[in-house]
């Protein structure tokens, strides 16, 4: 990425970039001109800003803005010459601002309250302005003290005509560059506080949730075994990410993936912050344009123009790719993170996604972002949790956002790997020196491998393995086709059928990859074909079998079962079918089926068609806002699944009262669920704020876009 979009954006320079920087610096020093990469943080006009009358006031306000996450660093070049200080666009080298040395009232390195690293302070008094401007910068590769010494040396030379101090400052800077960038310079002092962070869940024991939720597939060596061995044995779901490495490394893997997820959130929030700052700068420029009396550019407009510039197409693509990547990571880590959970963080992402889609001109651009593909788990997570409004946005983005990678053509080129604004990279190897693979790409590979390996269990056309068909039948096969269920499956709608491990089922329709079956109780519905294996029919003891054989010898075979009724019966209700398993088997099967259900549903349904299975209508999520009354608060708490005690305690409050409570107060009311209530409120508040800002931001960005297009046309003419 060519430009920086966050205050934390100070990537670690490579050896080549350090060499090029020293080379450029040596060139400009010879010309008595020095140049520094800096981040412009904020500019205050003394006396015009609320409560900012002195430099100390400006420093305190900067600290407050930083604590609220309202500081956005704008990368630029600061060039010092014998006559002036210039600010340049880092890409085009266009001059943004020029301050004659005579207009610089003060140059210093200051430490804002609560910070350990210094910032560069410039106080400039333009002749046509009644009050000075206060600018704050942070050095990207050099500390603020060295830049201050250079500028003060230039000021001393300008006022006294003697250049010894400037020469000494330039030599000190050259020596610092030769030593390489200091570690402190690589970590900017102002770090944006992300509003939402994912953390490893500590609610359940490590044995249950101490590893990432990964798709269960047969290992490659199992896939290479002969057909009878694959068909006769029940495939035990394996955990390919973990293998024999044990729970400690699986915990490290989960922590690594949560770190990746949090850095994705950081970049998404940073991009949204940039959009908001850009809109603010565009509004200020528009206001100045209306009140301008002359064509001369006013002081500070160069910085505002740079801030008002919309992100580039590549930057929009990058953030959209990260949002897609986050969807797959959230699904993968669903069993590992809590407070907030994966569904809650999913809702948080839709606010930025809506803003990004609106400011990029609509869903057409986002729909063209094909990589990375979504995993089947991610599609399932989205389908099961999005609200009606989020679903409208999600489905408008097209197949590359709504279908799993299994149903999309493979993309050419290297797999997608996110690059973060801060320059952070996840650990490349585990403690044993083995390379970590990208979690989303590996998940996609597992799903493709599973799709290839699932067919040998029962061929897609319904025939058994030829070697099994050759085996002699010891007893007459019952009429119709029968299969044995290898795993539990819980129905999700009225067209599916809940079945248990070892159930014997009669096949009614096997033309698609979801088979219609009838159980021993007469209930009918659809189940995924790859959890089934051929079976001779319902088990009978030997006496019954012999008696039935004698009886049937003089009678014609029974007729085939009557065709099922056109209307599918409602599935029979049952408790959780995993309860009969021990915890280790329960975890294996639930992980396998959670991905298998979505994958097979998509494969069976196809892209379109009248026979496509449609999930039942989803009830809209109760809305909560500061204007909600007590009954709406109670309904919202119940919809979120809180206990009756928590609902009774908090259901008497209005929305405004509930939003005003802090985490400690909620814990005092409900020790067990107070923290979760607070996280739900935090996510909900962020969603409300994003929705409120979208309309205003849309209008400003659209106007700015039209203005830029108009200027471009004028230049062409």
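Read-outs: derived from the displayed coordinates by stated rules, not from any lab. Note that this is a predicted model, so its numbers are computed, not measured. A quick note on method: Cβ atoms are made from the backbone with ideal geometry, for glycine too, and the neighbour counts reach across all protein chains shown.
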For this session: Starting from the Cα of residue 412, step 7 Å along the direction of its Cβ; do the same at residue 432; then give the gap between the two resulting points in nm.
Result: 3.8
For this session: Could you work out how far the C-alpha centroid of the stretch 401-432 sits from that of the stretch 359-382, in angstrom?
Result: 14
Problem set entry | R0 of 51 Å, Cβ-Cβ distance residue 657-residue 364: FRET efficiency to nearest 0.05 | 0.75
Problem set entry | Per-pair calculated FRET efficiency, R0 = 35 Å: residue 630 and residue 53 via Cβ, rounded to 0.05 | 0.15
Exercise. Hey, with R₀ at 45 Å, roughly what FRET efficiency would residue 255 and residue 638 work out to, going by the Cβ-Cβ distance, to 0.05?
Worked result: 0.85
Exercise. So how far apart, in nm, are the two label points at residue 159 and residue 706 if each is 7 Å from Cα heading toward Cβ?
Worked result: 5.0
Exercise. Which distance in nm do the two modelled labels at residue 419 and residue 33 give, with both placed 7 Å along the Cα-to-Cβ direction?
Worked result: 2.8
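Report the full-extension gain for the segment residue 675 to residue 502: residue separation times 0.36 nm, less the Cα-Cα distance, to one decimal in nm.
Details: separation 173, 0.36 × 173 = 62.28 nm, distance 4.17 nm.
Extra length available between residue 675 and residue 502 comes to 58.1 nm.
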Problem set entry | Residue-span extension gain [residue 395 to residue 665] - 0.36 nm each, minus C-alpha spacing | 93.3 nm
